[in-house]
1. Does segment 91-113 hold any residues that are touching a residue at least 40 places away in the same chain (Cβ under 8 Å) and open to solvent by 40 Å² or more (accessible area, probe 1.4 Å), and which are they?
2. I'm told residue 24 meets every condition in (1) open to solvent by 40 Å² or more (accessible area, probe 1.4 Å); (2) part of a helix (DSSP H, G or I); (3) touching a helix residue (DSSP H, G or I) at 6+ places or on another chain (Cβ under 9 Å) except one. Can you identify the failing condition by its number?
3. Taking segment 43-61 as the region of interest, how many residues are free of Cβ contacts under 8 Å to residues at least 24 places away in the same chain, within 20 Å of residue 28 (Cβ to Cβ) and open to solvent by less than 70 Å² (accessible area, probe 1.4 Å)?
4. Would you check which residues across segment 1-21 are in contact with a helix residue (DSSP H, G or I) (Cβ under 8 Å, 6 or more places away or on another chain) and either free of Cβ contacts under 8 Å to residues at least 40 places away in the same chain or small (Gly, Ala, Ser) (or both) and list them?
5. Using the structure shown, decide if residue 89 is among the hydrophobic types (A, V, I, L, M, F, W, C) and either over 20 Å from residue 7 (Cα atoms) or over 20 Å from the mean Cα position of the chain (by Cα) (or both).
6. Checking the conditions here, which among 54, 92, 98, 79 is modelled with pLDDT under 80, of a type in the set (A, V, I, L, M) and out of contact with any strand residue (DSSP E or B) (no Cβ under 8 Å at 6 or more places or on another chain)?
7. Identify all residues within segment 41-61 that are in contact with a helix residue (DSSP H, G or I) (Cβ under 6 Å, 6 or more places away or on another chain) and in a helix (DSSP H, G or I); write none if there are none.
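The values are calculated or read from the model by the stated rules, or taken from the named source; none is laboratory data. In this text the structure is predicted, and so the values were computed from the model without any measurement. Heads up, the Cβs are rebuilt from the backbone with ideal geometry, glycines too, and the neighbour counts pull from every protein chain shown. With ligands, DNA and RNA removed, areas are computed over all heavy atoms of the protein, side chains included. Shrake-Rupley method; radii C 1.70, N 1.55, O 1.52, S 1.80 Å.
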Amino acid sequence: VVGGATAASLCFGNAGYLFLTVSFVQILKAFTPVFVVVMLYATRVETPSPRVALSVGLISAATAIASAGEAHFNLTGVLIMCAAETCEATRLVLTQKLLTNLKFPAMEGLYYMAPICAGWMFGLAAVLEVPR
C-alpha cells in the first residue's frame, strides 16, 4: 500500500502540471501539512495539539488567500493536486506506522518500498503511456 501511495503521489503530482501553472502547484503543495495532520487524526495515529491545529488553520487560510488570485484556475488540476496530496499524506502516515511498529530505520524502509513503488509506476506507465 505504501508503494502504491508513493507511485500515485508522484503520478498525480506530475499530472497537476499539465493543468495548472507552476507557481499555483507550489502554492497547493504548501497545503501538504494540512492533509498530513488530518490523515494522522483520521487514522488515530496522533491527535494534534491546539498549537498544531492553529498552525494548520493558518496554513489553510494562507493557501486560500494565495489561491484566490489565481488567473488560470482549473478545477481538474486542483482535484488532481488534491488526489496527490491525499496520496502523499497516506504514504507519510503509513510509513510512520511501518517505521514505528516494525522498528525499521529510514534507509531500510526505503530499501523495501522502492521496488514496490517502481513496480506500480511501471505498471501504470504500461497501461497509460505505452498505448500512445
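1. Initial filter on segment 91-113 (touching a residue at least 40 places away in the same chain (Cβ under 8 Å)): 91-98, 113.
Across segment 91-113, the qualifying residues are 91, 92, 94, 96, 97, 98.
2. Here residue 24 meets the rest and fails (1).
3. At the first step, the residues of segment 43-61 found to be free of Cβ contacts under 8 Å to residues at least 24 places away in the same chain are 44, 46-58, 61.
Applying the additional criterion that residues be within 20 Å of residue 28 (Cβ to Cβ) yields 55-58, 61.
This time we only want the ones that are open to solvent by less than 70 Å² (accessible area, probe 1.4 Å), so: 55-57, 61.
Counting residues in segment 43-61 that are free of Cβ contacts under 8 Å to residues at least 24 places away in the same chain, within 20 Å of residue 28 (Cβ to Cβ) and open to solvent by less than 70 Å² (accessible area, probe 1.4 Å) gives 4.
4. Here is the first cut: in segment 1-21, the ones in contact with a helix residue (DSSP H, G or I) (Cβ under 8 Å, 6 or more places away or on another chain) are 1-13, 15-20.
Within segment 1-21, 3, 4, 5, 7, 8, 9, 13, 15, 16, 17 qualify.
5. no
6. On the way: 54 fails: modelled with pLDDT under 80; 92 fails: modelled with pLDDT under 80; 79 fails: modelled with pLDDT under 80.
Being modelled with pLDDT under 80, of a type in the set (A, V, I, L, M) and out of contact with any strand residue (DSSP E or B) (no Cβ under 8 Å at 6 or more places or on another chain) holds for just one of 54, 92, 98, 79, which is 98.
7. Scanning segment 41-61 gives 56, 59, 60.
Let's see how each residue does on (1) in a helix (DSSP H, G or I); (2) closer than 13 Å to residue 36 by Cβ; (3) touching a Cys at 6+ places or on another chain (Cβ under 8 Å):
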{"site": "95", "(1), (2), (3)": "yes, yes, no"}
{"site": "100", "(1), (2), (3)": "yes, no, no"}
{"site": "104", "(1), (2), (3)": "no, no, no"}
{"site": "107", "(1), (2), (3)": "yes, no, no"}
{"site": "113", "(1), (2), (3)": "yes, no, no"}
{"site": "117", "(1), (2), (3)": "yes, no, no"}
{"site": "123", "(1), (2), (3)": "yes, no, no"}
